[in-house]
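Only one structure is covered here, and it is reproduced in the block below.
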Amino acid sequence: MIRNLVIVESPAKAKTIEKFLGKDFTVKSSFGHIRDLAKKNLGIDIEKGFKPEYIISDEKKKVVDDLRKSANEAETVWLASDEDREGEAIAWHLSEVLKLDKKKTKRIVFHEITKDAIQNAIKNPRGIDYNLVNAQQARRILDRLVGFELSPILWKKVKPALSAGRVQSVAVRLLVEREREIFKFNSTSFFKVNGVFDGKVEIKAELSDKLKNLKETLDFIESCKDATFTISDISKKPSKKTPAPPFTTSTLQQEASRKLNFSVSQTMTIAQKLYEAGHITYMRTDSVNLSDTAIDAAKKTICEEFGEKYHNPRRYKTKSKGAQEAHEAIRPTYLDNHKITGSSAEQRLYELIWKRTIASQMSDASIERTVVTINISTSNYKFVATGEVILFDGFLKVYFESSDDDSEETGKDLLPPMKAGQVLTPKEIIANERFTQRPARYTEASLVKKLEELGIGRPSTYAPTISTILNRGYVLKEDRDGIERKYVSIVLKKGKVTKEEKVEITGSEKAKLFPSDIGIVVNDFLVEYFKNILSYNFTATVEKEFDDIAEGKIEWAKMIDQFYRPFHKDVEKTLRESDYSKGERSLGPDPKSGKEVIVRIGRFGPIAQIGESNTETKEKPQYASLLKGQLIETITLEEALKLFSLPRNLGLYEEKEVVIGIGRFGPYVRHASKFVSLKKDDNPLSIPLERAIELIEEGRKKEREKVIKVFAEDNTLQLLNGRWGAYLNHKGDNFKLPKGTDASKLTYNDCLKIIGEQKPTNKKKKPQGKTKR
DNA sequence: CAGTGAGCGAGCTTCCGCTTGACTT
């Protein structure tokens, strides 16, 4: 017999709460939403006022059955999901699905997981807020309508199995537009002049202005030969630095990316582990709020470890409006725990969270900036030396937030004592040609930051959204090598001016997001026909209306109707009038044949094509796939023509032809009817025979190592080496080895046992298998 | 490891936000 059943969203939260409530209360979890719109036929009856059809998915049936059983037994059911739109909807779905009797059902919310807060909530129950529920239903239905009406248009007009949605399509748009800014960007050069002056310590100064061109720079450097350098002014300015607020999902993803090189999904998986182990508070939150308990604990830790003057209590306000303070910021549950046990990634992420939280409750750092101005007797330009002294480190003792732009660090060293009027002797004056910087490509984390600024997506969806646009092939996450760039360097040393041309590497990228051709074509198509939904403020606009529904100012079905009618008209018009979209672009005539060279999206990806097929003359065009990194939008005629040199015969090896080509899995070398993929750095257009042979041999070695053991008793049973280590193969079925098995020691009987006990891992998905995002 | 939308053709793909496992060749 259960007297009181409390239902929350997450099992970890259930466990914590149960401790506070005593034995009269049983706490269970709904594991998020328990039902959703049916996937067939939209799941919405548009004719009947957008009536939603909700379905409990197979995975959730067990959870629901269990909850139903407990609810029937219970005297009182307490629905304790979050206070926001989604949480209210969860409570409502529960009350509907479990057919809860209103008299014995109570809705409660708490803002903090503490004994007091929870007991207080129990004392102040309320009913379900149907306006809030309706706002959620409107959000859900709008997203379904947009996603399930736009995606099929893409299947017909671009390519099957593509997708579009309120969030993902705007994310792709951001990347496409940034890439276009980069195409268009024209870098201009200027000269930056640095002076090094003698002193007890070297004094490094920078010319206050950038010089426009080479002539001006040479004139200036010449003029420095006979110049006197005098300190004209020394000013000292106090300044301070303030700690960043505690982590939200988005800021945690950004810092873990910058400081630890984690992808956003890695960060979330590790944070989930920390949460389940009880080390940190909930990791999906947009709140920067710390509980009173946490603020007190931080005070204690800071005072004990660093002293009272390092402590400065602060309360942070979440910028995104609304009553979303249901969650706290992401923080350690026990602030006196500096470190935890766990994997190295877990430890590092925990430490980051600990430092950020502690720092947010520490004093400002106070800094003194010294600016020394140095006059040049032969010029109106001035040198400026900047020094920084930290007078009090404050929060900097534990933590400093990184920033995205990796601009060159300017020398902010300690300056030696100096006084105005002092004459300085130049040791060296260097003018280097510099270039204006193109806009930066997005990383996963900087894209999340941008989406959050636009109010698009939620903490629980940032990582899945990135996976979606990667999985659809709209976006590639890649490293790119930089290119060499020449620059001029002029040095004045010991009265002599030398001019030199130097080379630097520029534009290299690591783990950056690049839009693909398909991403660009889909984006352009959607922007042309659905400008409204693709606009950056579409979400903000509809959010306002959802808020109005939540406040009872408008009726949800009316809002949806007003959106849907014009939208659906656009959908029909687009299906009727738009052309098949393959991103075609003409590059001009082929110098050999005079036929037109075009690039476009083909059935299997972007291709270049010479000539057109002609049914009368039975003429067929030539085709060649584009290489990785080449885009329809930017490829030149010369680059495209080079692609037609594939497949290319490099010569003979062991009396058989070595051929380079591009296939389904990218560039390959073929030899004796075996295929080996080229490595990332190999260019199929220029790879030499020796390197190809190297790859062939590598391929042979791998194949030799692939088979660990074949059993004499049954040669269809093999132990093989795969991407994730050893596995068993039997007549085409694969089997996982139990954890910690030493593959080389397995006997025939051991293997038979494994096969008997396990299901093959490579079987086709169940017909009703869940979709992976 | 081909092919580069017609031209036999069923039925499928897809959204966003809540939550965890199950699972990966």
Subject >> A:His568, A:His111 arranged by Cβ crowding within 10 Å, fewest neighbours leading >> reply: A:His568, A:His111
Original post:
In square nanometres, what is the average projected area of the Cα convex hull of chain A?
Top reply: 46.9
Original post:
Per the Debye formula with a single identical scatterer at each Cα and no solvent contribution, what log10 I(q)/I(0) holds for region A:279-386 at q = 0.12, 0.20 Å⁻¹?
Top reply: -0.55, -1.06
Subject >> Inter-probe distance in nm under a simple model that places probes 7 Å from Cα toward Cβ, at A:Asp481 and A:Ser686 >> reply: 0.8
**OP:** Straight distance only, please: which aspartates and glutamates reach the Cα of A:Lys309 with their own Cα at less than 15 Å, same-chain residues fewer than 8 apart left out?
**Re:** A:Asp364, A:Asp393
**OP:** Arrange the following residues from fewest to most other Cβ atoms within 10 Å of their Cβ: A:Val423, A:Val542.
**Re:** A:Val423, A:Val542
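Let me make sure I get this right: for region A:263-333, a, b and c are the square roots of the gyration tensor eigenvalues over alpha carbons, sorted descending. Under 1.5 in a/c it's rounded, otherwise prolate if a/b > b/c, else oblate. Which is it?
Here region A:263-333 falls in the oblate category.
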Original post:
Where q = 0.20, 0.22 Å⁻¹, what log10 of I(q)/I(0) comes from the Debye formula for region A:514-585, counting one point per Cα?
Top reply: -0.92, -1.01
**OP:** Could you grab the relative contact order for region A:464-529? Cα pairs under 8 Å, six or more apart, rounded to a whole percent.
**Re:** 39
Subject >> For region A:594-670, the spread of Cα positions along each principal axis, largest first, Å >> reply: 43, 32, 23
Subject >> Mean Cα-pair separation over length for region A:150-209, i.e. relative contact order, pairs under 8 Å, 6 or more apart, % >> reply: 18
Original post:
Reported to two decimal places, what Rg/Rh ratio describes region A:142-207 when computed on Cα atoms with Rh from the Kirkwood expression?
Top reply: 1.52
Subject >> Listed pairs A:Lys674/A:Lys753; A:Lys28/A:Lys102; A:Lys210/A:Lys494; A:Lys13/A:Lys60; A:Lys39/A:Lys157 exceeding 25 Å between Cα atoms >> reply: A:Lys674/A:Lys753
Original post:
Sorting A:Ile55, A:Ile340 on the 10 Å Cβ count, fewest up front, what's the list?
Top reply: A:Ile55, A:Ile340
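Work out which helices of chain A, taken as complete DSSP H runs, extend at least 30 Å along their axis over the Cα atoms and score a mean Kyte-Doolittle of -1.0 or more, then list them.
Long hydrophobic helices here: A:130-157.
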Original post:
Between region A:559-635 and region A:260-298, what is the C-alpha centre distance in whole Å?
Top reply: 46
Subject >> Cut-off 12 Å, label 7 Å out along Cα→Cβ of A:Asn261, residues of region A:474-514 by amide N >> reply: A:510-511
**OP:** Could you please tell me the mean projected area of the C-alpha convex hull for region A:622-712, averaged over all directions and given in square nanometres to one decimal?
**Re:** 7.8
**OP:** State to the nearest 20 debye the size of the charge dipole of region A:303-386 about its Cα centre, where the only charges are +1 on K and R beta carbons and -1 on D and E beta carbons.
**Re:** 460
Original post:
Taking every DSSP beta bridge that has both residues in chain A, what percent is antiparallel when rounded to the nearest 5?
Top reply: 90
Original post:
For region A:581-635, what is the largest minus smallest coordinate of the Cα atoms on each principal axis, given in angstrom and ordered from greatest to least?
Top reply: 35, 25, 18
Original post:
What percentages, rounded to whole numbers, describe P(r) for region A:421-464 computed over all alpha carbon pairs with 5 Å bin width beginning at zero?
Top reply: 5, 15, 15, 10, 8, 7, 7, 7, 7, 9, 6, 5, 1
Original post:
To the nearest 0.05, how large is the calculated FRET efficiency for A:Lys23 and A:Ser343 if R₀ is 30 Å and r is the Cβ-Cβ distance?
Top reply: 0.25
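Throughout, read-outs are computed from the coordinates displayed, never taken from laboratory work. All figures in this text were calculated on a predicted structure; none of them were measured in a lab. Here the Cβ is made from the backbone with ideal geometry for all residues, glycine too, and neighbour counts use every protein chain on show.
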